[in-house]
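**Q** Below: one structure in structure tokens.
The values are calculated or read from the model by the stated rules, or taken from the named source; none is laboratory data. Only a predicted model underlies this, so the values are computations on that prediction, with no experimental measurement involved. Every residue, glycine among them, receives a Cβ derived from its backbone with ideal geometry; neighbour counts consider all protein chains shown.
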Amino acid sequence: MSPSGKSPVNHRANTGGTEKKSVPNTIKVTLNGAEVSGHPSMTILELAQEHGIDIPTLCYHPQLPPIGACRICVVEVEGSRTLVASCHTPIAPNMVIHTHSPKVLEARKVIAELLLTNHPDACIVCDKSSLCEMRKIATDLEIGLPRFRVKKRYYPLEDVSPYIIRDLTKCILCRRCVIACREIKKANIFAMAYRGFHSKVVVDQDQVLDKPDCQSCDVCISLCPVGALAKRDGEAASEERATELTTVE
């Protein structure tokens, strides 16, 4: 008992020793003028998809961890100095997001045009023409002939492997094949090499793709957004390989 006649207050008992900060179950943000909520660690892209808002993507795929290479999924966040990639940017409390503002649409159009500028003009004869994600985005953004003229990259067709054909001239450097082979197949065949204009997806020390791991595996082919990877026709490939072995003998 204290001299004043009152019992002393046990502050340790009131606080429980160490205070624990509660983590909110939902985060409220403003998405295209509407107040919505999402869970912690959710990305802007996931939030938009949950609310039926389509944001174009090329490097992103739901089976893979976010890559953030293509930048076609950029959105505008009020207070941010630049546009942000929605595929790997987590939502934050009171964030105000614009997914289709004039600034965003113009940026996406420029990014898509730059990709197309360095892409071969062979959509009509490409095996993936009707399924090409790059072509779909260009159509949605109403892109005609690219305004830019740049030096194109040309690579010889890699058809040595009996399982897969690789056309690096069509590659848009999205890195899906690199991540898919590492994370799903656990083979780690592909890697990024060189810099700037000379950047490319390589095998080993920049060798032609001809790996036994590719047999009965089409993970990278199925996830490639363009026509850079294609499955080799089994019968034709077997005949070619048999011919090669006969010639050698």
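**Q** Can you list residue pairs whose Cβ atoms sit under 6 Å apart, with the first residue in the range 95-112 being on the phi < 0 side of the Ramachandran plot and touching a residue at least 12 places away in the same chain (Cβ under 8 Å) and the second being assigned to a loop (DSSP other than H, G, I, E, B) and surrounded by fewer than 15 Cβ atoms within 10 Å (Cβ to Cβ)? Count only pairs 6 or more apart in sequence or on different chains.
**A** Note: pairs meeting the criteria are V96/E78.
**Q** Ok, one more. Regarding the range 68-86, can at least one residue be identified that is modelled with pLDDT of 95 or more, under 22 Å from the mean Cα position of the chain (by Cα), exposed (fewer than 10 other Cβ atoms within 10 Å of the Cβ) and not assigned by TED's automatic domain parsing to the domain that holds V226?
**A** Yes; the residues of the range 68-86 include at least one that is modelled with pLDDT of 95 or more, under 22 Å from the mean Cα position of the chain (by Cα), exposed (fewer than 10 other Cβ atoms within 10 Å of the Cβ) and not assigned by TED's automatic domain parsing to the domain that holds V226.
**Q** Could you check how many residues of the range 167-216 are among the basic types (K, R), surrounded by 13 or more Cβ atoms within 10 Å (Cβ to Cβ) and farther than 21 Å from K152 by Cβ?
**A** Residues in the range 167-216 being among the basic types (K, R), surrounded by 13 or more Cβ atoms within 10 Å (Cβ to Cβ) and farther than 21 Å from K152 by Cβ: 4 in total.
**Q** If I go through the range 206-249 residue by residue, how many of them are modelled with pLDDT under 85 and among the acidic types (D, E)?
**A** Number satisfying all stated conditions: 6.
**Q** Within the range 178-202, can you find the residues that are under 18 Å from the mean Cα position of the chain (by Cα) and under 17 Å from S216 (Cβ atoms)?
**A** A180, C181, I184, K185
**Q** Taking P40 as meeting all but one of (1) at pLDDT 95 or above; (2) of a type outside the set (F, W, Y); (3) under 22 Å from the mean Cα position of the chain (by Cα); (4) more than 19 Å from E133 (Cα to Cα), write down the number of the exception.
**A** Checking P40 against (1) at pLDDT 95 or above; (2) of a type outside the set (F, W, Y); (3) under 22 Å from the mean Cα position of the chain (by Cα); (4) more than 19 Å from E133 (Cα to Cα), the one that fails is (1).
**Q** Do any residues in the range 53-73 that are within 13 Å of L83 (Cβ to Cβ) and of a type in the set (G, A, S) have Cβ atoms under 9 Å from those of residues that are buried (at least 20 other Cβ atoms within 10 Å of the Cβ) and at pLDDT 95 or above, where the two are at least six apart or on different chains, and which pairs are they?
**A** G68/C59; G68/Y60; G68/A85; G68/C87; G68/T89
**Q** Next question. Testing D127 on (1) at pLDDT below 90; (2) closer than 24 Å to G68 by Cα, one condition comes back false. Which one is that?
**A** Every condition holds for D127 apart from (2).
**Q** Of all the strands (runs of 3 or more DSSP E) wholly in the range 20-123, which have at least 1 residues that are small (G, A, S)?
**A** Of the strands (runs of 3 or more DSSP E) lying wholly inside the range 20-123, those with at least 1 residues that are small (G, A, S) span 34-38.
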